[in-house]
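Enquirer: Below you'll find the structure I mean.
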Amino acid sequence: MDPVLSSPITEEQKKKVYDDLALAMIDGMEQGTFSDEESRASAEFVLAKLGTVKTEQELFQFLEELGKRWSIYEKVLLKLKGQKNNQIDQVKLQEVKNKLNQLIQ
Amino acid sequence: MAEVTVPRVEKITALSYGGESTVVVNEEMQEYAKELRRIAQEKGGEETFRARLQRREGGATFSTRESEILKSRSGGGAAGVNEEGKAFIRQDAQPEQRASYEENASLIERNSRVLNYLEILAEPSERQQEKFEALQKEGRVSTDDFSKLKEAALDNIVTELQTWFPMLGDPAMEQKNKRILVEDTIARDPKLRAKIAQKMAEARDFALKLPEVKGTDSLKQAEERKKAAEQTLQQNIREIAELLRDKGITTLNEATIGAILKSRANSSDAQIEIFRQILGIGPEEMQTTLTLLELPTQIAQAEDTLQKRFGTMTTAQIRLRPGGKDALDQIDQLKQRLVTMSGNPALGQHLRNFNTVIVPILTQGKTAENQAGVFEGGISSAYTARTTIGRAEREIAQIKSQSPDRERLNQQLTRLAEEGKLTNALESVLSDSIAEVLDERVVEIRSLEQKKQEQLMEDKAKENKEGVVAVMRNIDRAMRTNWVNYDEITRTKTIRALNIGNDVRFLAYYGRDEGLKRLFVRHSGFTDENGRTLDWKHINLETDLNADQKEQLDEAIKAQGETFISKLFADFFTSRGITDRTLGLKIFGKYALSYEGTLGDMTLKEHEWVLLEKNFGPSIDSALEQSREAKQVFTKLQKEGIAKTFKLKWLLWLLLILGVVGIGGGMLASKGTGSLG
């Protein structure tokens, strides 16, 4: 398992996800691409599942499932994946730097 | 109001019903989105989702808070709601009124119980007890035990669901297992709650428009008049008692004043009795005191009359006029009486007491506008209220004693007949809601499958496999027309019961592989080398098909086999749910329904079920393994020590393919879930 993905998520991270998802829902409702019933069903799903998510891996699984059911939420997953990739790149870059430093020394 | 094209499930559903392809997004929705944005900014995303859940479903809906009002609309006009907000049927209600009330009240209880439970279930598990307690505080649930409410509600759903899934009636399956199955499947479908609420709202609206029974209105009005007057009387008594207390009189409390007002014929007598008791004297002494009090007034009046009659004449002149002597003598007598009485020491004391104790009471609150003051005004108002109470009581007794006249009887019968319609509506709330949820889910799933099929055919066409595409097109058409056919032009849905029953039986006897091959050959359009249609039941599948046909058959089965089986069984079970009673359901108002064959054509013998188990058991296992939700249900059941019986698995698979496993119809987007591989 990817050590980055298996790390526990903080309440702050979770709150950010709630916020992003809520804005996605509201955007959909305003644009008319998300019906009354869809917004209700998805709200039910988000509240039932996101509260139980503990690790980043679970968070990604949850967002993937959510995006499959209601595509308006896909952008939240994409955004998070982008951030995660940047984070992983940074970690790898640091590793490379460390190795280079070791070689130099 | 803006019209927005919605390229999602609603559109597909609407189209499949032959409806419009646009969804109207109204200003209310836009406004609500703004409101949610405000909540998101102020309280964050989680609270925004909670706010969204708490909002009533769009349009007319029903809250179980309205249950008691709804109950009070049954009973042929003999029911009402008491001060605590609870519905009741009058003691003197006739048997048919009582029967109508009790039947509808029981159905309302049942439907409200299910609705309450589904409302609780929609909450995350850690908040369910809290939600239950909130409903309890509002008086919406009668039990103080959540598990009892849950069991009763689930039992109600299980009973209704048996129409579609007879295996739920299997006595070998324990009730608690059935409950678990229902709880984790259809009960979690938000559509179900919305449908029940919507149908209860319709029942409520119907109930509110029920024709009134005139006689009962008069009774109600008389009872209301009586109640209002009783409140006024009590208020007057309180005010009089308060006035006396303010003046230092503690011997007369509210009960005594009430008794006086009740026993005396008029307000004047009541006032005198109150004064007598305050002064603490006997009735005769009171009378004498009053006489003494009135003497100066009488003298003044007599002198006034004399003056008007005789003008400026002297006493001597008056005596000479006719009647003059009598008038003068009367005044003398009155004056003499005043002198004599005033000389009586006891009477003098009473008079003084009257002036010091009673007069301040009588003058309290007297103004130019309010000549009566607090005391006399209160007594007068109390007597008016007493008269009103008496009249209302006589009216109530009269209404209750008279046998209903013909007109009233007719009104009552009309009302009861209409209440019978309400009974039917209330009775079918659960079954209609389940039927609609299943029906809509089937349409949604089928629409998605249809798209998938088209994509598969396009892929094969790109590979230049025209032969395979031709077979697939034929199979696709067969799936849409052979068992349940929906004609979009005439909006007619035809249930081909005999075809469905025959194909299910065929698969039971021939098994999945051979059965599918033969059924596919039937629709493939394959011919032998002489151009004759192949005898799909009897051909040798190894030797009677050429190499191309074998390849086309294999590819078509690979692409469409699982969909074919899923659709056949979904049509089989949903069509079995269409009974004489459900034929009248509202959903079928969306399209005409015809039936080829009978329900009996779809009945399987016990050994045919056994064959189905043998031939499809492993496939169902595999399909259920692919579904996370299905596995969760099984894990729960296993914790209860329940074996995965075939019927249980079969039932769960059916719910899975109908898209009612998981929250919000998770089947819609989870590819492959529930398919028989």
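Enquirer: Within the set of pairs 6 or more residues apart or between chains, which connect a residue that is within 14 Å of chain A (Cβ to nearest Cβ) inside the range B:120-136 to a residue that is assigned to a helix (DSSP H, G or I) and of a type in the set (Val, Ile, Thr) with Cβ atoms less than 8 Å apart?
Expert: Going by the 8 Å Cβ cut-off, the qualifying pairs are B:Gln128/B:Ile120; B:Lys131/B:Ile120.
Enquirer: Is there a residue being surrounded by fewer than 20 Cβ atoms within 10 Å (Cβ to Cβ), over 18 Å from the mean Cα position of the chain (by Cα) and not polar (S, T, N, Q) anywhere in the range A:11-24?
Expert: Scanning the range A:11-24 turns up no residue that is surrounded by fewer than 20 Cβ atoms within 10 Å (Cβ to Cβ), over 18 Å from the mean Cα position of the chain (by Cα) and not polar (S, T, N, Q).
Enquirer: Another question about this same structure. Can you say whether B:Leu295 is closer than 26 Å to B:Val359 by Cα, surrounded by 15 or more Cβ atoms within 10 Å (Cβ to Cβ) and modelled with pLDDT under 90, as far as the supplied structure shows?
Expert: yes
Enquirer: List the pairs whose first member sits in the range B:411-422 and is touching a residue at least 60 places away in the same chain (Cβ under 8 Å), whose second member is outside any helix (DSSP H, G or I) and hydrophobic (A, V, I, L, M, F, W, C), and whose Cβ atoms are under 7 Å apart, counting only residues at least 6 apart or on separate chains?
Expert: That search, which allows pairs on different chains as well, returns B:Gln411/B:Val213; B:Gln412/B:Val213; B:Arg415/B:Leu210; B:Arg415/B:Val213; B:Glu418/B:Leu210; B:Glu419/B:Leu210.
Enquirer: To continue, here is another question. Might you let me know whether the range B:96-110 holds any residue that is within 30 Å of B:Phe569 (Cα to Cα), at pLDDT 85 or above and of a type in the set (S, T, N, Q)?
Expert: Step one: filter the range B:96-110 for residues within 30 Å of B:Phe569 (Cα to Cα), giving none.
Scanning the range B:96-110, I find no residue that is within 30 Å of B:Phe569 (Cα to Cα), at pLDDT 85 or above and of a type in the set (S, T, N, Q), so the answer is no.
Enquirer: Just to be sure, is B:Lys247 under 30 Å from B:Asp332 (Cα atoms) and not polar (S, T, N, Q)?
Expert: no
Enquirer: For B:Gln41, all conditions in the list (1) over 18 Å from B:Arg415 (Cα atoms); (2) buried (at least 20 other Cβ atoms within 10 Å of the Cβ); (3) of a type outside the set (A, V, I, L, M, F, W, C) hold save one; what is the number of the exception?
Expert: Unmet for B:Gln41, out of (1) over 18 Å from B:Arg415 (Cα atoms); (2) buried (at least 20 other Cβ atoms within 10 Å of the Cβ); (3) of a type outside the set (A, V, I, L, M, F, W, C): (2).
Enquirer: Identify all residues within the range B:239-249 that are surrounded by 13 or more Cβ atoms within 10 Å (Cβ to Cβ) and in a loop (DSSP other than H, G, I, E, B); write none if there are none.
Expert: B:Lys247, B:Ile249
Quick grid of which residues meet (1) of a type in the set (A, V, I, L, M, F, W, C); (2) at pLDDT below 80; (3) closer than 30 Å to B:Lys199 by Cβ; (4) in a helix (DSSP H, G or I):
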residue: B:Gly561; (1), (2), (3), (4): no, no, no, yes
residue: B:Phe569; (1), (2), (3), (4): yes, no, yes, yes
residue: B:Leu583; (1), (2), (3), (4): yes, yes, yes, yes
residue: B:His607; (1), (2), (3), (4): no, no, no, yes
residue: B:Thr635; (1), (2), (3), (4): no, yes, no, yes
residue: B:Gly641; (1), (2), (3), (4): no, yes, no, no
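Enquirer: Is at least one residue of the range B:374-383 touching a residue at least 24 places away in the same chain (Cβ under 8 Å) and among the β-branched types (Val, Ile, Thr)?
Expert: yes
Enquirer: Criterion first (crowded, with 21+ Cβ neighbours inside 10 Å and modelled with pLDDT under 90) does B:Leu448 satisfy it? Spell out the reasoning first.
Expert: Working: crowded, with 21+ Cβ neighbours inside 10 Å: no; modelled with pLDDT under 90: yes.
Criteria not met by B:Leu448.
Enquirer: Restricting to the range B:341-358, what's the tally of residues that are surrounded by 11 or more Cβ atoms within 10 Å (Cβ to Cβ) and either free of Cβ contacts under 8 Å to residues at least 12 places away in the same chain or touching a strand residue (DSSP E or B) at 6+ places or on another chain (Cβ under 6 Å) (or both)?
Expert: Number satisfying all stated conditions: 4.
Enquirer: On the given criteria, is B:Leu252 within 14 Å of chain A (Cβ to nearest Cβ) and either outside any helix (DSSP H, G or I) or modelled with pLDDT under 90 (or both)? Walk me through how you get there before you give the answer.
Expert: Working: within 14 Å of chain A (Cβ to nearest Cβ): no; either outside any helix (DSSP H, G or I) or modelled with pLDDT under 90 (or both): yes.
Against the criterion (within 14 Å of chain A (Cβ to nearest Cβ) and either outside any helix (DSSP H, G or I) or modelled with pLDDT under 90 (or both)), B:Leu252 does not qualify.
Yes/no per residue for (1) within 11 Å of chain B (Cβ to nearest Cβ); (2) of a type outside the set (A, V, I, L, M, F, W, C):
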site	(1), (2)
A:Thr10	no, yes
A:Val17	yes, no
A:Glu38	yes, yes
A:Ala48	yes, no
A:Gly51	yes, yes
A:Phe62	no, no
A:Ser71	yes, yes
A:Leu78	no, no
A:Asn85	no, yes
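Enquirer: Of all residues in the range B:207-218 being part of a helix (DSSP H, G or I) and crowded, with 17+ Cβ neighbours inside 10 Å, which is modelled with the highest pLDDT?
Expert: As a first pass, look at the range B:207-218 and keep what is part of a helix (DSSP H, G or I): B:207-208, B:214-218.
Filter once more, so that each one left must be crowded, with 17+ Cβ neighbours inside 10 Å: B:207, B:215-216.
Numbers: B:Ala207: 89, B:Gly215: 61, B:Thr216: 60.
Of everything passing the filter in the range B:207-218, B:Ala207 is modelled with the highest pLDDT.
Enquirer: Test each condition in (1) at pLDDT 90 or above; (2) more than 7 Å from chain B (Cβ to nearest Cβ) for A:Leu23 and report the one that comes out false.
Expert: The number of the failed condition is (2).
Enquirer: Further question on the same structure: Can you tell me which residues in the range B:452-469 are touching a residue at least 60 places away in the same chain (Cβ under 8 Å) and either within 46 Å of the chain's Cα centre (by Cα) or in a helix (DSSP H, G or I) (or both)?
Expert: The answer is B:Lys452, B:Gln453, B:Leu456, B:Lys460, B:Gly467, B:Val468.
Enquirer: For the structure I just gave you, tell me whether A:Glu56 is of a type in the set (D, E, K, R), surrounded by fewer than 21 Cβ atoms within 10 Å (Cβ to Cβ) and at the interface with chain B (Cβ under 7 Å from one of its Cβ atoms).
Expert: So A:Glu56 fails the test.
Enquirer: Hey, can you tell me all the residues within the range B:506-516 that are touching a Lys or Arg at 6+ places or on another chain (Cβ under 9 Å) and part of a helix (DSSP H, G or I)?
Expert: Restricting attention to the range B:506-516, the residues satisfying the condition of being touching a Lys or Arg at 6+ places or on another chain (Cβ under 9 Å) are B:506, B:508, B:510-511.
Residues satisfying the conditions are B:Phe506, B:Ala508, B:Tyr510.
Enquirer: What are the residues in the range B:156-191 that are loosely packed, with under 15 Cβ neighbours inside 10 Å and part of a helix (DSSP H, G or I), if any?
Expert: Of everything in the range B:156-191, those that are loosely packed, with under 15 Cβ neighbours inside 10 Å and part of a helix (DSSP H, G or I) turn out to be B:Gly169, B:Gln175, B:Lys176.
Enquirer: Scan the range B:155-198 for residues that are without any contact (Cβ under 8 Å) to a residue 40 or more places away in the chain and under 21 Å from A:Ala41 (Cβ atoms) and report the count. It would help to see each step written out before you state the result.
Expert: Going through the range B:155-198, the residues without any contact (Cβ under 8 Å) to a residue 40 or more places away in the chain turn out to be B:155, B:158-159, B:162, B:169, B:171, B:175, B:178-179, B:182.
Subsequent filtering for residues that are under 21 Å from A:Ala41 (Cβ atoms) retains B:182.
So the count comes out to 1.
Enquirer: Residues that are out of contact with any helix residue (DSSP H, G or I) (no Cβ under 9 Å at 6 or more places or on another chain) and farther than 22 Å from B:Lys247 by Cβ: list the helices (runs of 4 or more DSSP H) wholly contained in the range B:267-349 that include at least 1 such residues.
Expert: Those helices (runs of 4 or more DSSP H) span B:283-310, B:315-320, B:324-342.
Enquirer: Which condition number in (1) touching a Pro at 6+ places or on another chain (Cβ under 9 Å); (2) modelled with pLDDT under 85 is the one that A:Asn86 fails?
Expert: Every listed condition holds for A:Asn86 apart from (1).
Enquirer: OK, next. If you scan the range B:480-503, which residues turn out to be over 22 Å from B:Gln560 (Cα atoms), more than 35 Å from the chain's Cα centre (by Cα), modelled with pLDDT under 85 and not in a loop (DSSP other than H, G, I, E, B)?
Expert: Residue satisfying the conditions is B:Asp487 alone.
The values are calculated or read from the model by the stated rules, or taken from the named source; none is laboratory data. Owing to the predicted nature of the structure, the values given are computational and were not obtained by experimental measurement. Using ideal geometry, Cβ is built from the backbone for each residue, glycine included, and neighbour counts are taken over all protein chains shown.
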